[in-house]
1. Mind listing just one residue for me: the one in segment B:53-64 that is crowded, with 22+ Cβ neighbours inside 10 Å and of a type in the set (S, T, Y) and, of those, nearest to the other protein chains (Cβ to nearest Cβ)?
2. Looking at segment B:65-80, is at least one residue in contact with a strand residue (DSSP E or B) (Cβ under 6 Å, 6 or more places away or on another chain), surrounded by fewer than 22 Cβ atoms within 10 Å (Cβ to Cβ) and among the charged types (D, E, K, R)?
3. Among residues belonging to segment C:287-325 that are of a type in the set (A, V, I, L, M, F, W, C) and under 30 Å from C:L15 (Cα atoms), point out the one that is farthest from the other protein chains (Cβ to nearest Cβ).
4. State yes or no: is A:G186 more than 14 Å from every other protein chain (Cβ to nearest Cβ), touching a residue at least 60 places away in the same chain (Cβ under 8 Å), farther than 28 Å from A:I231 by Cα and not charged (D, E, K, R)?
5. Just one of (1) touching a helix residue (DSSP H, G or I) at 6+ places or on another chain (Cβ under 7 Å); (2) modelled with pLDDT under 95; (3) within 14 Å of chain C (Cβ to nearest Cβ) trips up A:D239, so point out which.
6. Taking the condition of being in contact with a helix residue (DSSP H, G or I) (Cβ under 7 Å, 6 or more places away or on another chain) and either within 13 Å of another protein chain (Cβ to nearest Cβ) or of a type in the set (V, I, T) (or both), how many residues in segment A:197-226 meet it?
7. Does D:S140 satisfy the condition of being in contact with a Leu (Cβ under 7 Å, 6 or more places away or on another chain), of a type in the set (S, T, N, Q), under 23 Å from C:P280 (Cβ atoms) and surrounded by 20 or more Cβ atoms within 10 Å (Cβ to Cβ)?
8. Can you list the strands (runs of 3 or more DSSP E) found entirely within segment B:1-92 that contain at least 2 residues being within 20 Å of the chain's Cα centre (by Cα) and without any contact (Cβ under 8 Å) to a residue 60 or more places away in the chain?
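The values are calculated or read from the model by the stated rules, or taken from the named source; none is laboratory data. Since we're looking at a predicted model, the values are computed, not measured. All Cβ positions, glycine included, derive from the backbone under ideal geometry; neighbour counts span all protein chains shown.
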4 protein chains.
Amino acid sequence: MSALCDVAQLVSVALFTPKIEDSVKFFYDYLGMEISHREGQSVYLRAYEDFYQYTLKLTEAREPGLEQVTWRASSPEALERLAKKIQASGAGIGWTERDYAHGPAYRFASPDGHKHTLLWELDYFVADAELHSKLRNRPSKRPLRGVPVRRIDHVNLMVSDVPANREFFTSVLDFQLREQKIGDGGTEVGSWLSVSALVHELALMRDSTGGRGRFHHVAYWYGAPQHLLDIADIFAERDVRMESGPAKHGTTQAYFMYCFEPGGNRVELFGDTGYLIFDPAWKTVVWDVANEVDLEKSSIWFGGQLAKTFYRYATPVVPGHSLEEIGR
Amino acid sequence: MSALCDVAQLVSVALFTPKIEDSVKFFYDYLGMEISHREGQSVYLRAYEDFYQYTLKLTEAREPGLEQVTWRASSPEALERLAKKIQASGAGIGWTERDYAHGPAYRFASPDGHKHTLLWELDYFVADAELHSKLRNRPSKRPLRGVPVRRIDHVNLMVSDVPANREFFTSVLDFQLREQKIGDGGTEVGSWLSVSALVHELALMRDSTGGRGRFHHVAYWYGAPQHLLDIADIFAERDVRMESGPAKHGTTQAYFMYCFEPGGNRVELFGDTGYLIFDPAWKTVVWDVANEVDLEKSSIWFGGQLAKTFYRYATPVVPGHSLEEIGR
Amino acid sequence: MSALCDVAQLVSVALFTPKIEDSVKFFYDYLGMEISHREGQSVYLRAYEDFYQYTLKLTEAREPGLEQVTWRASSPEALERLAKKIQASGAGIGWTERDYAHGPAYRFASPDGHKHTLLWELDYFVADAELHSKLRNRPSKRPLRGVPVRRIDHVNLMVSDVPANREFFTSVLDFQLREQKIGDGGTEVGSWLSVSALVHELALMRDSTGGRGRFHHVAYWYGAPQHLLDIADIFAERDVRMESGPAKHGTTQAYFMYCFEPGGNRVELFGDTGYLIFDPAWKTVVWDVANEVDLEKSSIWFGGQLAKTFYRYATPVVPGHSLEEIGR
Amino acid sequence: MSALCDVAQLVSVALFTPKIEDSVKFFYDYLGMEISHREGQSVYLRAYEDFYQYTLKLTEAREPGLEQVTWRASSPEALERLAKKIQASGAGIGWTERDYAHGPAYRFASPDGHKHTLLWELDYFVADAELHSKLRNRPSKRPLRGVPVRRIDHVNLMVSDVPANREFFTSVLDFQLREQKIGDGGTEVGSWLSVSALVHELALMRDSTGGRGRFHHVAYWYGAPQHLLDIADIFAERDVRMESGPAKHGTTQAYFMYCFEPGGNRVELFGDTGYLIFDPAWKTVVWDVANEVDLEKSSIWFGGQLAKTFYRYATPVVPGHSLEEIGR
């Protein structure tokens, strides 16, 4: 069996949070995620249609931010090939032992310093009698809590240099460049990359604050537009800060909503499919955001602007760029 | 650039219809498809988010049914490799000249006699000023007619022998087997195969009428559940025969609705994403339809049965198995 | 302040259930209702947008069925007027003392023997800090459990003689006759009546089993079509028996789904608004269900038939007409 | 038959437009409305579930704005009673002859100078064979054009003095005050009034520009949230200016979207039911918009602010307050 490229898929995102119990509660109560495991300062969770043991790891830390992103190779051989290419690129950190629910993995750092792990072997989630679903293609029952997300979708990283990071992922890891935003003077301000029919499992956006290696958001997927209205209703009742949306991006055509989990990390909820790419000779969609029409249409297709915080707030927070300092 | 396998995607379905103008009107007025071209007895159409020149070809003929299915290889080299493998399998028909909007193509017949075309070169749709969309990832404006479908999704073929046909597509063409229905005595009654993150671009279902090489349906995709209610409302007003749905299959998790275009061919409208497969080591989901729970849950997840016609009506019609003869 | 007629609205439905704790769990866990009160063998519940103290009373009993329906008069004077008219009609039972959350009430029996209570004074629900909503027109926070229903909508009673019962509600209580189904030989088989812009707060359907005074269903309202798919998904996972739908009735244009709570009573979930009636000279919509087109269109607008149980099963169960005996 | 008050319902809104053909095209092509009649400089239209001959009259004029609002009394007697009360209040203009599709009507001006017509007799729409619907409670077939609105919902008028206008409608016409926004120093900045279970058929908002008798918007109803996304998609493709939304008001709980028809008048599309009021002793919901939380929650429940133009732009335009001058 083969895959679109040697990287097959996004497996999980590991985040730091200064409020571990509040963060867990957020994902468990509101987003209906299941807790797979607790170990040391960490809690492992998954959405009810995530097939693996976990897709989100939360670890207590002084500041919010990204611990690492985990990717699955498309075969054991692909893992070997990728490890060699990464090592040759100078980005390699090295092989790690088995970790919770994961087999041997190769660690590396992308150019801005974000940490990643690449693996082949990992544990599938096996439901017990209580969570077992009669729907044979569903790894566990739809939960009764909150508005349950279905699966992890993508991760968005802020980078000080978009071309350098984008080049790393396309050349070394063979990601496909699906969409791009080009700003004044031809500056590449954002790139959307994927290893599947999704428009992106990885977005890279320019960090104009001087920060490096910061985390913008992880996205969980609903599929149904109504669920964004439902979760927004729940958040509005409970003072969860929402940043933008529910609205529709032009870029990726995502029907989205952004919010902040209690630890300060941004989370996107994804309310439809956007569009899918099957064309093997896809030509990158380029938005000219120096142009006002493209700037608006790519951000919010129906008109309007994303919140100012969207462009400057990321975790960990850079001094002078907290949510309060940026303002609405 | 590579692809999940040497076949990259479903390009189009070509159908025969005894009522060409009524059929065209159905897809144009109700499903909001655009007419790309007319030539001889044929009319070429596409949905507004189909990237290529056409995804549906309708040709006037005495009886409804399938002319052929067209697939795109993932590269020129993949096309060569596939042509050789198909030829070696004995299923090859040979290379064809350029056709409307298509470059050189290799033709073959799958074991039940269904015709297929495989190609690399093809024409992209280029919108004129009137159809040009400001949404840079949308190949043409969302139309104002009916409830417009967004893109072609999959094709379903009835076959006299599921294992033989399934084996051909998995061994020779490297399709992935995603889901399967196994009936009494271990008989394979249906298989769902894909070359991408979709659960299927191709379904094979057992034809128990003695027919061979028949066409079950082509599916166009909406993505939004509401659109199935909308199009069903339009059909109910206008005496378009609906067969089953809007309802949710357990198999593929599709929110579906089946209807018949005026020429007699079955069309599925697909109202959400179902689920997507990114796992490079996917284990085929097997439904044991000898078991009543699995039979019902795989057919209609919320309970109930598909119409009797679903299991026996296909085009061309086998004597004794018309819609009227089968009854509701 | 005045109202459309002297009866202003449906307040609540009181049901008997042989499985009180299972029934409560069903409404609490799956439909997200709140428990207002427990007293003796009874539990009182409300949906999160029900303004009064309760809209559903469940009482333990040997058999499922209706205890009573409670209506609110449009003023204290209207209550007096109605009590006199009912008494004069011979249907009166008499005034009752205060009951939980209710002031003085006039009790009566409609012609088939169904019990009703009519009142003016009643307690509004007042949320504590935990349930308090920031949405000032919402009496309590949207809950995090299941797929929460928003408010009570209507009640449907089976009657041995539709014209007699319909006549009682229109003449004595001034209900408006909104829609009607007329069968073979001009038999009135169903009537939909309302006291507001809703098409019905009360439906009367012919009981052909020989039963009298039986309960067909109570409907709770979602408003959003997606929520029917969501609750059906939850029910499918948990073996709650669904009878028909999600589908759209022609009559009332309701997007509906019927299921059975564990005590055996039928519950309808209502997934949109249907349509509203503001015309003060409304002409009753008449469906000629002796005619096959009208029979189908009025039942399921997109085609198909309601389950057989829909026409014969009601509570309490008449011998020979249990769900198992009727079959699917 | 009686009604909630002597005014039974909103019948129609008559607007002036400087671009009559573009305006007609907007309502016909995009909102799927049907043209009932053309006469002189006027075009009459209706939505497919509007029961009367028309609900929108467009008349060519130099400037956009309101010609009049038409209301139906709940009976011939109610019409007489109302005419007398209005005349006594000094607001009466007098009886008019029959007009297109309307019987004798009483005209009056509300305190800010907005014109209104009150009538009993009017023509119902009777569909010809082509528009005839099989759905017996639907006055004409669902159209195939654009995203068709279902019925007129409400009208919003800007007034220089909210209390005076509100008092007129509640005292003289017996409208019910459903919701209210109170600003700094107890100023009433908006009132929502109704004569039915709807939260409003009439909204009155303070005009802070010094304008008098201006028109804020007319709302047409979809009922399904998806339809707001659909029409917004169509508008985004075709440069129809959208002002705010799709989003959810706290006030009335409407899922809304505002846009401008080519003549410059604001149109609201209403994507769900909001909530309905059946309580005969309804206590006005009061939002304290001097308080920031209430200001935001009442405007956009999920957070954010309405466009600045929403508070100052109305038709006819007051010098200095055009869309361009106010800016986004």
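1. Filtering segment B:53-64 for residues crowded, with 22+ Cβ neighbours inside 10 Å gives B:54-58, B:64.
Imposing the further condition that a residue be of a type in the set (S, T, Y) reduces the set to B:54-55.
On the way: B:Y54: 15, B:T55: 11 Å.
The residue in question is B:T55.
2. Among the residues of segment B:65-80, at least one is in contact with a strand residue (DSSP E or B) (Cβ under 6 Å, 6 or more places away or on another chain), surrounded by fewer than 22 Cβ atoms within 10 Å (Cβ to Cβ) and among the charged types (D, E, K, R), which makes the answer yes.
3. Residues of segment C:287-325 of a type in the set (A, V, I, L, M, F, W, C): C:287, C:289-290, C:293, C:295, C:300-302, C:306-307, C:310, C:314, C:317-318, C:323.
Applying the additional criterion that residues be under 30 Å from C:L15 (Cα atoms) yields C:300, C:306-307, C:310, C:314, C:317-318, C:323.
Details: C:I300: 9, C:L306: 11, C:A307: 8, C:F310: 13, C:A314: 20, C:V317: 21, C:V318: 24, C:L323: 13 Å.
If we take residues in segment C:287-325 being of a type in the set (A, V, I, L, M, F, W, C) and under 30 Å from C:L15 (Cα atoms), then C:V318 is farthest from the other protein chains (Cβ to nearest Cβ).
4. Details: more than 14 Å from every other protein chain (Cβ to nearest Cβ): yes; touching a residue at least 60 places away in the same chain (Cβ under 8 Å): no; farther than 28 Å from A:I231 by Cα: yes; not charged (D, E, K, R): yes.
The answer is no for A:G186.
5. Evaluating A:D239 over (1) touching a helix residue (DSSP H, G or I) at 6+ places or on another chain (Cβ under 7 Å); (2) modelled with pLDDT under 95; (3) within 14 Å of chain C (Cβ to nearest Cβ) leaves (1) as the failure.
6. The qualifying residues number 7.
7. Values: in contact with a Leu (Cβ under 7 Å, 6 or more places away or on another chain): yes; of a type in the set (S, T, N, Q): yes; under 23 Å from C:P280 (Cβ atoms): yes; surrounded by 20 or more Cβ atoms within 10 Å (Cβ to Cβ): yes.
Yes, satisfied.
8. Details: elements: B:7-17, B:34-39, B:42-46, B:56-60, B:65-73.
Of the strands (runs of 3 or more DSSP E) lying wholly inside segment B:1-92, those with at least 2 residues that are within 20 Å of the chain's Cα centre (by Cα) and without any contact (Cβ under 8 Å) to a residue 60 or more places away in the chain span B:42-46, B:56-60, B:65-73.
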